[in-house]
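Okay, structure first, notes after.
The values are calculated or read from the model by the stated rules, or taken from the named source; none is laboratory data. This structure is a prediction, so every number in the text was calculated from the model and none was measured. Heads up, the Cβs are rebuilt from the backbone with ideal geometry, glycines too, and the neighbour counts pull from every protein chain shown. Calculation scope for accessible area: heavy atoms of the full protein, side chains included, ligands and nucleic acids excluded. Shrake-Rupley method; radii C 1.70, N 1.55, O 1.52, S 1.80 Å.
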Amino acid sequence: MADASTREPSSAGLAKRQSTKSSSIISRLIPQQTDDITVKWARYALVSVLVVTFLCAGAEIWIMVEESIVKNMVLDALVNDKTNFDAAYDAVWVNFRVGLTYHSVFLASIIFWLGCTWDGLLNKNIMQCFGINAYNVGILVYSLLQIKQTSNDFDRIADNWVGFDKNYYNSGYFLAAQILLPCLIGVFIPLFAYLTYRMFLEFGWRQYRITGGNKQLEKVIYSYHILLLLLKFALFFVTAFTVLDLALTTVTDRGKYVISIVGGIFGVLLTAAGFYGARRENGYLLSFYIFGCCLVIGYLIERVYEAYNRSLDVNNESDYKRAELPFLLYAALSALLVIASIVFGVVSYTNFGKGLKDVLDQEQRRKDGELPPQEIDLDA
């Protein structure tokens, strides 16, 4: 009996620990309701963005697969057609490389879209949800540009090889998938805008409780959340711009390695410096972040200048002209985001000592079990 009684509590304890662990995992995946904060609309938003991004990713993958099939068909046909073979073969390879890069960046944009939205919903960060609304418009523009970019690429192949029927290849399910993307995103934009409004009302009490009605602290927290949003968006867009730059403009092999390795390390360090500098009110880290953002602006200007300058050389095989529009679009967006990051980095610096660090430290103590759960509910 003693053994049985000993085993029973152990089994109950194990079940309880497993239940707690399961609950913890769910809380990391789905917005959780508290005594005074509902998450009904946040969960609706999560379901809607999951459905839309899944459909968009599926359509984009379909486009990439179909374009690869077209490429292989065209290359096989070219082997049997020796007329202007070299020029046509090069045109096919170049244009399909441009298309693949364009589609890959778009697919990464969709994945980032889902991740950033999910993160904002889990943390009940309404500022991040507002930012997603602007991102929705941007990704709609990109989906429309994709249709034009693909058509231009097929036109260039047809110009170099008379055997290529662009109307035959750029049709059917391939064209339908291209058109489906802006249609899906166009419908989702007003839907998510409405959901954002509902979530603003849903999360309103949380913001009031965190600040205790202190308007100054409320502005400080909003500025902090905007900076975190800019950190994520700037890192993504500068990375995407760099991918386009390395893939579609003339860069030496050494330059590709240097930009990839140094740029990757610097990007991670800079983003970490911005986050921890603002979070811990560390002036040295935040100053490094602001200075680093100035260097990034210089990098963007230099890369655009070099791409444009080298594209003027008729003997240069740069693909800049074939992808000039998305290249400049990402360059402009990256520059705007980095400039905004500098501005809010300075704002965060001036907000030191106004209570943000105390609030975030208190939340961390609550998560560590040092404070009762009802003290504060900030998912920083």
Open item on the list: List pairs: first residue in segment 333-354 and assigned by the TED database to the domain that holds Ile290, second residue polar (S, T, N, Q) anywhere in the structure, Cβ distance under 8 angstrom, at least six positions apart or on different chains.
Closed with: Phe344/Ser223; Val347/Ser223; Ser348/Ser223; Tyr349/Ser287; Asn351/Ser223; Lys354/Gln216
TODO: Report those helices (runs of 4 or more DSSP H) wholly inside segment 85-196 carrying at least 2 residues which are surrounded by 19 or more Cβ atoms within 10 Å (Cβ to Cβ) and touching a Ser or Thr at 6+ places or on another chain (Cβ under 7 Å).
DONE: 85-122, 126-160
- [ ] Could you check Gln207 against (1) open to solvent by 30 Å² or more (accessible area, probe 1.4 Å); (2) at pLDDT below 80 and say which number it fails?
- [x] (1)
